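The numbers here are math on the coordinates, done by the rules we state, and not lab data. Everything numeric in this text was worked out from a predicted model, so none of it was measured. For neighbour counting, all protein chains shown are included, and Cβ atoms are generated from backbone atoms with ideal geometry for every residue, glycine included.
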Amino acid sequence: LLIGMALLFFVIALWLSHLMSRKAIIPIAKAYARQREFVADASHELRTPLSVMLTSIEALQLEESIDSDPFSKNVLNGMKDEVQSITKLAGELLILARTDSGEFVLDRSLFNPRAAAERAIHKLQPLAQAKDISIKLNAPEELTVNWDEEKLTQLLVLLIDNAIKYTPGKGAVDVNLADGMEKGVRFLAIEVKDNGIGIPTEALPCIFDRFYRQDKSRTRQTGGHGLGLAIAKSIADAGQGTIRVDSTVGEGSAFKVRIPL
Ligand code: ADP
């Protein structure tokens, strides 16, 4: 009887602990989903007032009286930089909230990845020119892939932007695209290579983490929030691809993405 009671007690205890752990898991999952929704909604709501502020600042910048006053001009330039920076942050947070909720999915179509790379380079050319950095594109003219054109362009913009930011003046950035075949699966290989400052070995495991910045004091200088590579990784993940980096301090970095097609 004693053994039977002990067994019964053991089974009831197991059952109760199972119930309690389920009860604990559900509210945590719910709270996490609510937090994700909150971040997505807040980032979305911020965009409209920010764009109104930007338009107002730009209208003020056109005013003759402000244009001729160096102090006002300076203040407005500073405000514009900050508003643009928060707008970028809101957009990045929205992407990451969508990633977490599984809404960040591929929108496939047939396109030429070289054209996507040309668009990304064109967008960043003013930044590169300001630092006298040359960007070289090496990609086949006739290549068609069935992937997400917007996400590929975004990924390239993020990697090339970093390559420019973390390369001193007169440097060089190479953008290489190629398709290949491995174990019967066709893939697109993307490489963005710079001869910039490089990344210390101990920082390599952290650079794809959200809000990670190797040198936090440089935020003002380079204008990032430490979310660019986390988004680049989300894009690669959305297509079951991989992203990795080879880097040597003082010599440069090469970010390599491989996407199964
Ligand atoms: P951010 O550039 O806004 O800081 P990222 O997520 O894009 O954020 O990058 C995270 C960190 O990785 C950067 O702060 C920088 O230290 C490092 N990093 C990224 N790309 C490069 C690069 N091409 N060269 C050197 N360091 C880089």
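Pairs of Lys residues in the range 45-193 are counted when their Cα atoms are under 20 angstrom apart and they lie 8 or more places apart or on different chains; the count is 21. If R0 equals 45 Å, the separation of the Cβ atoms of Arg244 and Leu2 corresponds to a calculated FRET efficiency of about 0.15.
Rounded to the nearest whole Hz, the Karplus-based 3J(HN,Hα) values (6.51 cos²θ - 1.76 cosθ + 1.60, θ = phi - 60°) of the range 155-166 follow the sequence 4, 5, 4, 4, 6, 6, 4, 4, 4, 6, 4, 9, with x at glycine and proline. Classify the range 7-142 as rounded, prolate or oblate from the Cα gyration tensor: take a ≥ b ≥ c as the square roots of its eigenvalues, call it rounded if a/c is under 1.5, otherwise prolate when a/b beats b/c and oblate if not. Oblate is the answer for the range 7-142, as a/c is 1.5 or above yet b/c matches or exceeds a/b.
Among Ser72, Ser247, sorting on how many other beta-carbon atoms sit within 10 Å of each Cβ, with the fewest leading, yields Ser72, Ser247. Give the residue from Leu76, Ser101, Trp147 lying farthest towards the positive end of the charge dipole for the range 44-182; charges sit on Cβ (+1 for Lys and Arg, -1 for Asp and Glu) and the dipole is referred to the Cα centre. Farthest towards the positive end: Leu76.
The C-alpha atoms of the chain define a longest principal axis, and helix 228-238 lies at about 60 degrees to it. With a Förster radius of 41 Å applied to the C-beta separation of Leu16 and Phe38, the computed FRET efficiency comes to 0.80. In order along the range 80-85, phi translates into HN-Hα couplings of 4, 4, 5, 5, 5, 5 Hz, rounded to whole numbers, per the Karplus curve 6.51 cos²θ - 1.76 cosθ + 1.60 with θ = phi - 60° and x for Gly and Pro. Across the range 137-150, coupling constants 3J(HN,Hα) worked out from phi with the 6.51/-1.76/1.60 Karplus curve, θ = phi - 60°, read 9, 10, 8, x, 5, 9, 9, 10, 10, 9, 9, 9, 4, 5 Hz, and Gly and Pro carry x. Computed over the range 1-81, the alpha-carbon pair-distance distribution with 5 angstrom bins reads 3, 12, 10, 9, 7, 6, 7, 6, 6, 5, 5, 5, 4, 4, 3, 3, 2, 2, 1, 0, each value a whole percent. Fully extending the segment from Leu106 to Ser65 would add 9.9 nm, taking 0.36 nm per residue of separation and subtracting the current Cα-Cα distance. You can think of it this way: the chain between Phe9 and Asp215 has 68.5 nm of extra reach, that is 0.36 nm per residue less the Cα-Cα gap.
Using a 10 Å cut-off on Cβ atoms, rank the peptides 178-188, 8-18, 230-240 from the highest mean neighbour count down.
Top of the packing list down: 230-240, 178-188, 8-18.
In the chain, the DSSP-assigned H stretches of four residues or longer account for a calculated mean residue ellipticity at 222 nm of -19000 deg cm²/dmol, using -39500 (n - 2.57) per stretch and the full residue count as denominator.
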